[in-house]
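Structure record follows, encoded as structure tokens.
The values are calculated or read from the model by the stated rules, or taken from the named source; none is laboratory data. Because the structure is predicted, anything quoted here is derived from the model rather than measured. For neighbour counting, all protein chains shown are included, and Cβ atoms are generated from backbone atoms with ideal geometry for every residue, glycine included. Note: areas computed on protein heavy atoms with side chains; ligands, DNA, RNA excluded. Shrake-Rupley method; radii C 1.70, N 1.55, O 1.52, S 1.80 Å.
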Amino acid sequence: MELRQRVYDVDDLWELGSQEGYRAKDYELIDGAIIEMTKPGGRHGQLVIRLGRYLDIYVEENRLGYVTTETAYFHEDHRYTVLAPDLAFIARGRAPDPFPDKWIPSMPDLAVEVRSPSNSIGELREKAQIYLRHGTTLVWIIIPGSLTVEVWRMQEDGSFTDETLEAADALSGEDVLPGFQLGLGALFA
């Protein structure tokens with residue numbers, strides 16, 4: 001006889017987060033499995049706020065949508081995966097109106113993950129592919145230890161491409177945030 005582990009969905013995760021003893025913890029949900037997240041450290045927080053400041057100013061000045069931090073996103077058609085990118089952007093035309101107090105029932109257009117000592121690069125690359133499979137257009141993985149950023153995209157055939165940007169390079173918003181540019185020197189300063 002086969003024993004099956006319970007498969008959780010977005011509603012189960014929301015309920016878990018409201019229970020005593022679980023409120024101060026961070027969780028994500030990947031294909032029905034609950035993943036407990038470790039709180040990030042100082043350098044991580046510094047990079048998130050720095051990039052977030054640049055993104056938020058650009059998005060607000062151009063009235064493009066919303067920038068969020070550590071906000072949960074899920075695809076309404078796949079309620080078994082809930083991810084909370086370190087930073088995210090969702091375009092005004094794709095964002096729910098009004099913008100919800102609860103989790104956002106759409107994947108962001110841009111997801112940003114900053115590598116922490118508790119993350120393997122393999123875990124973050126796998127997460128990038130999950131974002132892209134569920135509707136995200138662009139993923140940036142920031143790697144503080146090497147002062148690099150991996151840029152991930154999905155091709156029309158469903159395959160993934162990534163490129164590594166180094167100190168002399170600049171992040172580009174591409175079609176997601178047209179005109180946005182940020183040199184890695186400014187990010188890692």
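Annotations for the structure displayed:
- All of Ala84, Ala111, Ala91 fail the test of being within 23 Å of Val10 (Cβ to Cβ) and over 11 Å from the mean Cα position of the chain (by Cα), apart from Ala91.
- Sole exception among (1) open to solvent by 60 Å² or more (accessible area, probe 1.4 Å); (2) closer than 18 Å to Leu124 by Cα; (3) in a strand (DSSP E or B) for Val82, by number: (1)
- Test result for Ala95, of a type in the set (A, V, I, L, M, F, W, C) and part of a helix (DSSP H, G or I): no
- Taken over region 26-65, residues that are in contact (Cβ under 8 Å) with a residue 40 or more places away in the chain, assigned to a helix (DSSP H, G or I) and either touching a helix residue (DSSP H, G or I) at 6+ places or on another chain (Cβ under 7 Å) or not hydroxyl-bearing (Ser, Thr, Tyr) (or both) amount to 8.
- Top-ranked residue in region 63-98 [being within 18 Å of Leu177 (Cβ to Cβ) and among the hydrophobic types (A, V, I, L, M, F, W, C); ranked as modelled with the lowest pLDDT]: Ala95
- Checklist (1) closer than 14 Å to Tyr131 by Cβ; (2) out of contact with any His (no Cβ under 8 Å at 6 or more places or on another chain) applied to His78, failing item: (2)
- Every condition in (1) surrounded by 19 or more Cβ atoms within 10 Å (Cβ to Cβ); (2) in contact with a helix residue (DSSP H, G or I) (Cβ under 7 Å, 6 or more places away or on another chain); (3) among the aromatic types (Phe, Trp, Tyr) is met by Phe160 except one, and the failing one is (1).
- Region 164-180, subset part of a strand (DSSP E or B) and touching a helix residue (DSSP H, G or I) at 6+ places or on another chain (Cβ under 9 Å), residue surrounded by the fewest Cβ atoms within 10 Å (Cβ to Cβ): Thr164
- Scanning region 148-187 for residues that are over 18 Å from the mean Cα position of the chain (by Cα) and of a type outside the set (A, V, I, L, M, F, W, C) gives Gln155, Glu156, Asp157, Gly158, Ser159, Glu166, Asp169, Pro178, Gly179, Gln181, Gly183, Gly185.
- When restricted to residues that are under 17 Å from Leu83 (Cα atoms) and at pLDDT 95 or above, region 18-62 contains 1.
- In region 21-73, the residue that is farthest from Ile141 (Cα to Cα) out of those that are open to solvent by 80 Å² or more (accessible area, probe 1.4 Å) and basic (Lys, Arg) is Arg23.
- In region 102-156, the residue that is least open to solvent (accessible area, probe 1.4 Å) out of those that are within 23 Å of Gly185 (Cβ to Cβ) and assigned to a loop (DSSP other than H, G, I, E, B) is Ser116.
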